Amino acid sequence: MSAALLAALAATTAVITASPAAALDAGDDAIRAKYAELGATGPANGPLGPINPTADGGKFAEFAKWGTMVAITWRSDVGAHWFSGAIRARWVDAGGADKWGHAAIDQEATTGGFGAAVRYTSDISVYYSPSTGAKALFGPVRGKYWQLGSVTGIAGFPITDVQPDPAVAGGEFADFQNVMLSIYSSPATGAHWLSGAIRNRFRFHGSAALGLPTSDQFATAGADGNYVLFGPSRAIIYGPQTGAWLVADEFLDHLRALGDVADNGLPKNERTPLEQRPTGSYQHFQFATITASPETGVHSVAFQLRGEWWARGGYVVEGLPISEEVFTDTGPDPVGNPTFTLSQSFENDFIECRYLYEVATDTLFYNCDRFAAASTAESGAAGLKPVPAGQIPPALAGRL
């Protein structure tokens, strides 16, 4: 055998036999280098413990510093990174590298200096603060959390891990420290957040009944409130003066058809059976009431018409509405003030409210008394009452 061939074989043998040791040494060296890097800051490191192999070809070691235990993990694709304290304890409790993998970054102080966070190769992130402990986030819940600004956003730190919602296929959620905020997610709905009274009302009904949110929490248009959708036919709507209530099915459809909360106000209760009419139900809003029964269908009565309906005994005396309100322009009064009527039919009666807009004072007057003069055009403003601020019916608002 030639000298050249012998030399080539020797070189190949050296590579084959040296490669595993070189790989092992690379992990050891990286962990020792990270250990030395940490030793240059703060209090002295305790002795570095044994460097242990992991099932995926990585390594880890631990030592004491800052009055707690620090772990350094290494894997060839991410390098060596450290994490400590409660975050390390969660990693150990979860099963270490076999379950969560290796640290993909060094542990970082969160903005503001109140906590810490680290991300693992399993794509799990752990967030820690003294008041919330170390909690694990991952998947779409974590993605929505990042959209909300992570620890410096409206949610703050997580106070639970991501947990399954057994009532929904693939459902999961996590709770956060600020404004009673939670993020819910499922493959069918995506990840969405809700908070405060809306979250409490959702949990009162439960995900088995409502499903998971299909929208984030948004401000209501034209009213001081917020809402979250649960599919196309359910919404929980909140106002600081009214609370959080579910509006669903044909009541939600009717609300939307009649101008939504901008025209009808926010809900003040949930759909409720009528005490003296078991087949009927109702839901109050700030300016309107929606009613339903098999005999009458779904209708609403609003503003001054509703007030007169109630004054005459409501559904017990007048029956339920069987139509929507009807607007009529009754022309100007003798001095040129515009006049109008709004009328509505009920099972047992017909109610008409007469309106006069007094141009000189920029005031809208009304009267729904059935014994009042036949028209505002004949009576003028005499005997009429001013419509309270914020109580002008939408059918009239654009005509004044």
Checklist line | Residue match in region 44-53 (condition: touching a Ser or Thr at 6+ places or on another chain (Cβ under 8 Å) and polar (S, T, N, Q)) | finding: no
Check: Has region 201-210 got any residue that is surrounded by fewer than 21 Cβ atoms within 10 Å (Cβ to Cβ), of a type outside the set (Gly, Ala, Ser) and within 30 Å of Phe83 (Cα to Cα)?
Finding: no
Note to self: Given the options Val151, Val118, name the one that is in contact with a strand residue (DSSP E or B) (Cβ under 6 Å, 6 or more places away or on another chain) and among the β-branched types (Val, Ile, Thr).
What the structure shows: Val118
Item checked: Odd one out for Phe230 among (1) closer than 24 Å to Thr152 by Cα; (2) without any contact (Cβ under 8 Å) to a residue 40 or more places away in the chain; (3) crowded, with 17+ Cβ neighbours inside 10 Å; (4) not aliphatic (A, V, I, L, M) -> (1)
Check: Does region 129-136 contain any residue that is of a type in the set (A, V, I, L, M) and more than 28 Å from Pro187 (Cβ to Cβ)?
Finding: no
Item checked: Every residue from region 260-279 that is surrounded by fewer than 19 Cβ atoms within 10 Å (Cβ to Cβ) and small (Gly, Ala, Ser) -> Ala262
Next item on the list: Have a look at Gly95, Gly85 and point out the one that is out of contact with any Pro (no Cβ under 9 Å at 6 or more places or on another chain), closer than 20 Å to Phe63 by Cα, free of Cβ contacts under 8 Å to residues at least 24 places away in the same chain and not aliphatic (A, V, I, L, M).
Entry: Gly95
Next item on the list: Go through the residues of region 77-89 one by one and say whether even a single one is at positive phi and modelled with pLDDT of 95 or more.
Entry: yes
Checklist line | Residue satisfying condition, being in the same structural domain as Ala136 (by TED's automatic domain parsing), in contact with a Phe, Trp or Tyr (Cβ under 8 Å, 6 or more places away or on another chain) and within 18 Å of Val118 (Cα to Cα), within set Trp100, Trp66 | finding: Trp100
Next item on the list: Output the residues belonging to region 260-294 that are touching a helix residue (DSSP H, G or I) at 6+ places or on another chain (Cβ under 8 Å) and either assigned by TED's automatic domain parsing to the domain that holds Gly231 or among the aliphatic types (A, V, I, L, M) (or both).
Entry: Val261, Leu274, Ala288, Ile290, Ala292
Item checked: Residues of region 28-73 satisfying the condition of being of a type in the set (D, E, K, R) and either in a loop (DSSP other than H, G, I, E, B) or under 43 Å from the mean Cα position of the chain (by Cα) (or both) -> Lys34, Glu37, Asp56, Lys59, Glu62, Lys65
Next item on the list: Specify which of the listed residues (Gly265, Gly280, Gly243) is over 25 Å from Ser195 (Cα atoms) and in contact (Cβ under 8 Å) with a residue 40 or more places away in the chain.
Entry: Gly280
Notebook entry, point to check: Taking the stated definitions as given, is Ala61 under 27 Å from Gly190 (Cα atoms) and of a type in the set (A, V, I, L, M)?
Noted result: no
Check: Of all the residues that make up region 325-350, how many are touching a residue at least 40 places away in the same chain (Cβ under 8 Å), under 16 Å from Asn367 (Cβ atoms) and either part of a strand (DSSP E or B) or not acidic (Asp, Glu) (or both)?
Finding: 6
Next item on the list: Kindly provide the set of residues from region 56-92 that are more than 30 Å from Ile159 (Cβ to Cβ) and of a type in the set (D, E, K, R), ordered by number.
Entry: Asp56, Lys59, Arg75, Asp77
Note to self: Going by what's in this entry, would Ser195 be described as under 26 Å from Gly112 (Cα atoms) and at pLDDT 95 or above?
What the structure shows: yes
Item checked: Top-ranked residue of region 378-399 - restricted to ones that are buried (at least 17 other Cβ atoms within 10 Å of the Cβ) and within 16 Å of Gly336 (Cβ to Cβ), ranked as modelled with the lowest pLDDT -> Ser379
Item checked: Long-range neighbours under 8 Å by Cβ, at least six apart or interchain, first residue over 20 Å from Gly112 (Cα atoms) within region 157-183, second in a strand (DSSP E or B) and basic (Lys, Arg) -> Thr160/Lys135; Asp161/Lys135; Ala174/Lys135
Checklist line | Test result for Val151, in contact (Cβ under 8 Å) with a residue 40 or more places away in the chain and out of contact with any Asp or Glu (no Cβ under 8 Å at 6 or more places or on another chain) | finding: yes
Check: When residues of region 190-199 are filtered for being surrounded by fewer than 20 Cβ atoms within 10 Å (Cβ to Cβ) and assigned to a loop (DSSP other than H, G, I, E, B), how many remain?
Finding: 0
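The values are calculated or read from the model by the stated rules, or taken from the named source; none is laboratory data. Keep in mind that this is a model prediction, so the values were computed, not measured. Backbone-built Cβ (ideal geometry, glycine too); neighbour counts: all protein chains shown.
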